[in-house]
Amino acid sequence: MPDCRMSGNKAAEQIIQWGRSYWMETCFDRAQALKPCPSGATGACCRICHMGPCRFVHSSEERVEKGICGARLSTVVARNFLRMAAAGVAAHSDHARELAIMLLKVARGEITGFDIKDTKKLHRLAGILEIEVDGRDKYHLAEEVAERLIDDFGRQWGILNYLKRAPEKTRQRWEKWDIVPVGIDREIAEALHRTNIGVDHDPDTLLLGALRVSLADGWGGSMIASDIADILFGTPFPDKSEAGFGIFRDEEVNLLIVGHNPALSKALMDVISEPDIIEHARAKGAQGITLGDIFGMRQGVPTAGGFTNQELCLIMGIIDAVVVDTQCIMPALPDLAYNFHTKVITTSRKAHLPGVLHIPFDIHKARETAREIITLAIDNYPNRTGMGEKVKDKTVVLSGFSLESLENMNGDMARFSFAHLNKAIAEGRIRGIVGLVGCDNPRVQATGVHTCLAKELVKDDVLILTTECGAAACAVSGLLDPENILKEAGPGLRKTCEEMAIPPILHLGGCNDNARILNILSAIVSEGGLSDEISGLPVVIIAPEWMAEKEIAVGCYFAASGIPVIMGGTSPVEASEDVAKIMTEIWYERFKGAIHFEPDHERMYDMAVEYIDRAREELNLKTYEFGA
C-alpha cells in the first residue's frame, strides 16, 4: 500500500494535511471522529416499522432471537440488503430515465443544443430492439428507440428489452430462479413492497429479490443510460486527457463539476470555448477557463479524481465555482467553500444543498444555464484570496474504451479482436479479467486499495476493466498512462496488450458504465472458445472501497450474471451467517456468482486469483504459469 496516512495519493495527502493545519474538516476527519453504529453496520437493526427499531445484539442466537413482529435476524439482514439494492437501482435508473426522455425530446425537435451524435450506435440499438432501420430518418428512428426504452421503466408484463443481449444460458439461469425483471420501476416497487412489515420473511427469497431488482439496473437502467449517452454525446473511443489536482491552473478560471449528468458537462464544455466567454475571462485577468470534474465521466473533461477528492479541490483555493448535479455529492462542500472564495451551485431539483445558489439546469435552455454558471465563475475569479494548498501533480490518462471502440480497433495501428483476447486467456498469457469498480472511501486509505490491487493484478497478467471512482483512482496515480502501466504488466499480459494495441487497464467510464463490462463479457462468450455463458468465465469484480447503495446493486447484477464479486470493508450482512452463506455458497451453486465482503486488500487479491484459477480449471484452460 502507498506510504500515506489518509489517501493513497500523495498529492491528496498533502492537501489533507495542509487543511488540517488550518482546522479545515474533510471527510477523512469525519471518518475518524464518527464511528459506525455497531448494529447498523452489520445489518442487525430493523427500523421498518414503528414498533422498533429492533436491534439484535446476540448474533450467535440468530435462529432464536426475534424482533417484536417475530422476524428473525436473518430476515432483517436480508431485508436491509434488498432495500439497499433497490435504492441503488433507483439512483442509476432515474438517471437513465432522464436521458431516455432527453433523447425523445431531441428526436421530436423539442430542445436545441443537442443532437444525434452517433447514428451508427442508434442503428445498433434499433437492431437490438427489433426496430426497422432501412430508409428511416434518424430522428424518427431515435423517437421510436426512445419510446421503446422508456417502456422498460413502466413495463407490467413481458421482460426488459435488453435481457436478450445476455447469453442464452445466462438467461436460462435467471428463468430457473425467477429473477427475470419485468419493468424497472415495477421491480423497485416490488422490492420495497416485499420488505414492508409483514410481507416476505424468507432470507433466501429476499436475496433473490435483490438479484432481480439489480438485474433491472445492469441489463436495464445502467445499460440504457450508457447507450443513450453514446447516441447523444458520442460513443467513447480511446483518447488522451489529464488527471490530478494539477489540471487546475492559477492563471485560469477554474470550474469543478461534481456529479453524473453528461448533458450538463456537454453544455459547459460547449460554452467555455465561445469567444465572448473567453474574452470575458480575460477581461477579469484570467488567461482562460479550465473545466475539471470529479468521477471522470466523459467528453474529454480532465478529472481531479474520485469521491474523496471533491473537498480537497476546494482546499487548493483556486476553484472559482463548484457546480453539482446528482449522486455522490458531499453536503459539506458549502462549509468548506466558506473558507475560500469558491461559489457552490446546485442544478438539480432533486439535489439541493442548504444555503447555496441554485441554478436549475433545464435541457430546454441548457446553453443559457451553462453561460450563467460560467459567467458567475469568471466574475468570482478576482476574489481569490491567495490562500490554499496548490498542487501541480497531474498525469496522462487514456480513457474512452467501450464495446464499440474495441470492435473497431482493427486498423493498421490497432489490432484488438475478441478472438485474440479469448485465445490469450485460453493459452494462459492473460490469467483472467478483473472489473475494478466502485467508490473510494475515507474509512480506508482512500484510492490506495484501488491502486495497490491494480498494480498487483496487472503484474500477475490480469487484464483490468475499470469504471467510476476506481478508474479515477487509477487515473490520478498514473496507472492509466499506457506507457507507464505497460511496464508494470506481467510478461504474458504485456505481450498480448502490445499485440492488440491496448493498455493493461481499460477505462470504460462512470458508474452507469459498469454495464459496458456486461456487454464486453457477452461479446467474449459470443466469440467462443472459452464458455457459452458468462457464468464460470475467469472474471472477478472487485469494489475494494465501496460506500454507496448503487454499488450493492452493481454487485448484485454482476453476481446474478455469473461473476464472483469481492467488496471491501466490513460486511453489511455480517450479523447473519445464514445470509452470508446464501450470498456466497448458494449463489455460487446457482449462478456461479457470489458476493463476499473482505476488509483486507491482500485477501481480496488472493480471493480474486483463486476464483480466476478455479474458473480456468473448470473450463479446462491451460494452467496459468507466470512468464510461461
Just checking, which of 585, 625, 574 is closer than 30 Å to residue 489 by Cβ and of a type outside the set (A, V, I, L, M)? 625
What is the residue count in segment 318-335 for residues that are crowded, with 20+ Cβ neighbours inside 10 Å and farther than 21 Å from residue 92 by Cα? 6
Filter result (under 22 Å from residue 237 (Cα atoms), hydrophobic (A, V, I, L, M, F, W, C) and in contact with a Gly (Cβ under 8 Å, 6 or more places away or on another chain)) within segment 108-136: none
Regarding residue 226, is this residue within 27 Å of residue 85 (Cα to Cα) and assigned to a helix (DSSP H, G or I)? yes
Candidates 593, 562, 555, 569 - the one that is at pLDDT below 95 and either within 20 Å of the chain's Cα centre (by Cα) or within 20 Å of residue 87 (Cα to Cα) (or both): 569
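Rundown of residues vs (1) among the polar types (S, T, N, Q); (2) more than 29 Å from residue 92 (Cβ to Cβ); (3) buried (at least 19 other Cβ atoms within 10 Å of the Cβ); (4) in contact with a helix residue (DSSP H, G or I) (Cβ under 6 Å, 6 or more places away or on another chain), yes/no style:
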site	(1), (2), (3), (4)
435	no, no, yes, yes
440	no, no, yes, yes
451	yes, no, yes, yes
461	no, yes, yes, yes
469	no, no, yes, yes
477	yes, no, yes, yes
488	no, yes, no, yes
501	no, yes, no, no
506	no, no, yes, no
Any residue at all in segment 524-531 that is assigned by TED's automatic domain parsing to the domain that holds residue 491, modelled with pLDDT of 95 or more, surrounded by fewer than 24 Cβ atoms within 10 Å (Cβ to Cβ) and in contact with a strand residue (DSSP E or B) (Cβ under 7 Å, 6 or more places away or on another chain)? no
Output the residue which, of all residues in segment 120-169 that are of a type in the set (Phe, Trp, Tyr) and either out of contact with any Lys or Arg (no Cβ under 7 Å at 6 or more places or on another chain) or part of a loop (DSSP other than H, G, I, E, B) (or both), is surrounded by the most Cβ atoms within 10 Å (Cβ to Cβ). 162
Can you pull out every residue in segment 258-288 that is out of contact with any Phe, Trp or Tyr (no Cβ under 9 Å at 6 or more places or on another chain) and either without any contact (Cβ under 8 Å) to a residue 24 or more places away in the chain or not in a helix (DSSP H, G or I) (or both)? 273, 274, 275, 276, 278, 279, 282, 283, 287, 288
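Which of the residues belonging to segment 27-45 are surrounded by fewer than 12 Cβ atoms within 10 Å (Cβ to Cβ) and part of a helix (DSSP H, G or I)?
Across segment 27-45, the qualifying residues are 32, 33.
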Sort out which residues of segment 181-205 are within 23 Å of the chain's Cα centre (by Cα) and in a loop (DSSP other than H, G, I, E, B), and write them in order of number. 181, 183
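The values are calculated or read from the model by the stated rules, or taken from the named source; none is laboratory data. Bear in mind the structure is a predicted one, so any value in this text is a computation, not a measurement. Heads up, the Cβs are rebuilt from the backbone with ideal geometry, glycines too, and the neighbour counts pull from every protein chain shown.
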